[in-house]
Amino acid sequence: MAQTAEPSTTAVTVDIVSDVMCPWCYIGKRRLERALPLIEDIALDIRWRPYQLDPTIPAGGVDRRAYLENKFGGAEGAKAVYDAIKEAGDSENIPFDFKAIAISPNTIDAHRVIRWSANVDAQDPVVEALFSAYFIEGRNIGDHEVLVEIAASAGMDGRLVRDLLVSDADRDLVEKEIALARSLGINGVPCFILANSVAVSGAQDPQTLAGAILETAAAQAASA
C-alpha cells in the first residue's frame, strides 16, 4: 500500500493508529487504499501504530458473543452495531464473517508482530493478513501459532517470531506507544496522523483522506 518517495521527494508520513480487532480499522485501511489513486503524485511513508480498544482482555481472550452482548447492552444491541458494520464492510468488498469469530483476543502480541514486521518492510501484508484472519476466517489472532504463521507468510523469520513472542520483547515499547496515543487524546481508532501534525479520526471516505493528505503535502512543501 505504501507509495515510495523519489530520492528528491520528502514523503508525507501517515501513522495509522489502529487495533486489529477493530472492524472500522479494516474498513479504514480499504478506504485509504482507495484514496491512493487520487494522490498518486504524493509520496507516502505509511506506518502502522498500536492501539488497544480493550487492554483488559486477558491473554487467552474471552468469549466474543458474551463480550459484545455485555458491551452493547444485550444481543439486540450487539446485532444492531454489527449489522451496520457489515453493511459498511460490504461497500468496501470486505466479507466480514462475524459469526465465525469465537474469541475476542488481547491484541498486544499482534501489535508486537506488526512492530517487528517494519524491520523487513512487511507491515502492510502482516496487517492485512491479521485483519483477514480475524474478520473473515474467524481465527484467534491472540494465538501465538496463528501469529507465527501470518508472520512467516509475509516473509518474516517464523522461528524468530515464535521465540520473541514467548518473551516480553518490545512489549513495553508497544504499551508506551499506546499510552502516548491516549495522552494525545486518541480515544477511538482508526486515527490517521499526517506528518506528525494533522489527525484524521475515523474510517473517513477516500476523498476526505486524499484531501487531507494533499493539504498536508502542500503545507510540508511550503515550509521546506
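Within 10 Å of each candidate Cβ there may be at most 10 other Cβ atoms; applying that plus a DSSP loop requirement, which GluC sites (Glu not before Pro) in the range 114-200 survive? Passing sites in the range 114-200 do not exist. Charges were assigned to the Cβ only: +1 to each Lys and Arg, -1 to each Asp and Glu. The resulting dipole of the range 1-123 about its Cα centre is roughly 340 debye. In straight-distance terms, cross-link reach from LYS176 covers every one of the aspartates and glutamates whose alpha-carbon lies under 20 Å from its own, apart from those fewer than eight places away in the same chain; here that gives ASP15, ASP19, ASP54, ASP109, ASP168. Which parts of the range 79-104 would a label at ILE136 reach, counting a residue when its backbone N lies under 12 Å from a point 7 Å out along Cα-to-Cβ? It comes to 93-97, nothing else.
Spacing of the modelled spin labels on LEU160 and ALA221, each 7 Å from Cα toward Cβ, amounts to 3.8 nm.
Projecting the Cα atoms of ILE141, PRO37, MET156 onto the dipole axis of the chain, where Lys and Arg carry +1 and Asp and Glu carry -1 at the beta carbon, places ILE141 farthest toward the positive end. Counting only lysines at least 8 places from LYS86 when in the same chain, those with an alpha carbon closer than 27 Å to its own are LYS29, LYS71, LYS99. In a reduced charge model with +1 at each Lys and Arg Cβ and -1 at each Asp and Glu Cβ, the chain shows a dipole moment near 380 debye about its Cα centre. In the chain, the ratio of gyration radius to Kirkwood radius, Rg to Rh, stands at 0.97 when only Cα atoms are counted.
Database remark: amide H of SER18 closer than 5 angstrom to the amide H of ARG49, TYR51 (H placed geometrically; neighbours at sequence offset of 5 or more, or on other chains; Pro and chain starts carry no H).
Read the figures in this text as sums done on the coordinates, not as results from a lab. Quantities reported herein were computed from a predicted structural model and do not represent experimental measurements. Backbone-built Cβ (ideal geometry, glycine too); neighbour counts: all protein chains shown.
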